[in-house]
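The values are calculated or read from the model by the stated rules, or taken from the named source; none is laboratory data. Keep in mind that this is a model prediction, so the values were computed, not measured. Note that we place each Cβ from the backbone using ideal geometry, even for glycine, and neighbour counts take in every protein chain shown.
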Amino acid sequence: AQKVTQAQTEISVVEKEDVTLDCVYETRDTTYYLFWYKQPPSGELVFLIRRNSFDEQNEISGRYSWNFQKSTSSFNFTITASQVVDSAVYFCALSEDGNNRKLIWGLGTSLAVNP
Amino acid sequence: GAGVSQSPSNKVTEKGKDVELRCDPISGHTALYWYRQRLGQGLEFLIYFQGNSAPDKSGLPSDRFSAERTGESVSTLTIQRTQQEDSAVYLCASSAGQVASTIYFGEGSWLTVV
């Protein structure tokens, strides 16, 4: 069965702390794509990253970094030196074989960064 | 346009009334998706359009829900005889349509059925 689990429902940190959002997935496919989206209070979903199953290199983009480990079926997202503007719900999603028709979504992790 | 545009941004309707939600995708995007997000929940797939192919309607929760798209342009999601459980944010997204192309979302239409 295909599934995305974001075990952390809510996380609260103080500004400048580092925070890691966990994402564990299940799939039978060997080719798949993983995504992270940010949903700020305004409601729109903002694309953050797409990673295919053949590329296990970690990625860093400014204060954001992603750790993809096929051995543990995880695609974790770390925000370094968090800021209040990072407060949002973050969703992890799985696309099997590049089929975006039915992205499989985690339930999201609500991150609150307090000043 | 620059992004996916949805209207109305907010809609309050009485139970039993019909509503129409509109989505204007990014220009050139052949794929269009509708999702529903209930309060505090993840995204629920509703329907998918790809070019002139028959839409994938497998996510529509009941026959009260329908959607149309003309060519590769605007789409309309219609909910007939609305019920309170239809209250949710309805998110539209579009993508270029190639394998695993990135999906870009609109800001959503917040529907409240009273």
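Among the residues of segment B:67-114, those identified as within 14 Å of chain A (Cβ to nearest Cβ) and part of a loop (DSSP other than H, G, I, E, B) are B:A96, B:G97, B:Q98, B:V99, B:A100, B:S101, B:T102, B:I103, B:G106, B:E107, B:G108.
Could you please find all residues in segment B:26-57 being hydroxyl-bearing (S, T, Y) and in contact (Cβ under 8 Å) with a residue 12 or more places away in the chain? Explain how you work it out, then say what you get.
Just the residues of segment B:26-57 that are hydroxyl-bearing (S, T, Y), to begin with: B:27, B:30, B:33, B:35, B:48, B:53.
Those that are hydroxyl-bearing (S, T, Y) and in contact (Cβ under 8 Å) with a residue 12 or more places away in the chain: B:S27, B:T30, B:Y33, B:Y35, B:Y48.
With a requirement of 3 or more residues that are in contact with a Phe, Trp or Tyr (Cβ under 6 Å, 6 or more places away or on another chain) and within 13 Å of chain A (Cβ to nearest Cβ), the strands (runs of 3 or more DSSP E) lying completely within segment B:1-49 that satisfy it span B:31-37. When the residues of segment A:69-108 are filtered to those that are buried (at least 20 other Cβ atoms within 10 Å of the Cβ) and farther than 26 Å from B:S94 by Cα, the one that is farthest from the other protein chains (Cβ to nearest Cβ) is A:S82. Here A:Y25 passes the criteria (1) touching a Ser or Thr at 6+ places or on another chain (Cβ under 9 Å); (2) surrounded by fewer than 17 Cβ atoms within 10 Å (Cβ to Cβ) except the one numbered (2). Are any of the residues in segment B:20-29 modelled with pLDDT under 95, closer than 21 Å to A:K102 by Cα, out of contact with any Cys (no Cβ under 9 Å at 6 or more places or on another chain) and not small (G, A, S)? Within segment B:20-29, one or more residues are modelled with pLDDT under 95, closer than 21 Å to A:K102 by Cα, out of contact with any Cys (no Cβ under 9 Å at 6 or more places or on another chain) and not small (G, A, S).
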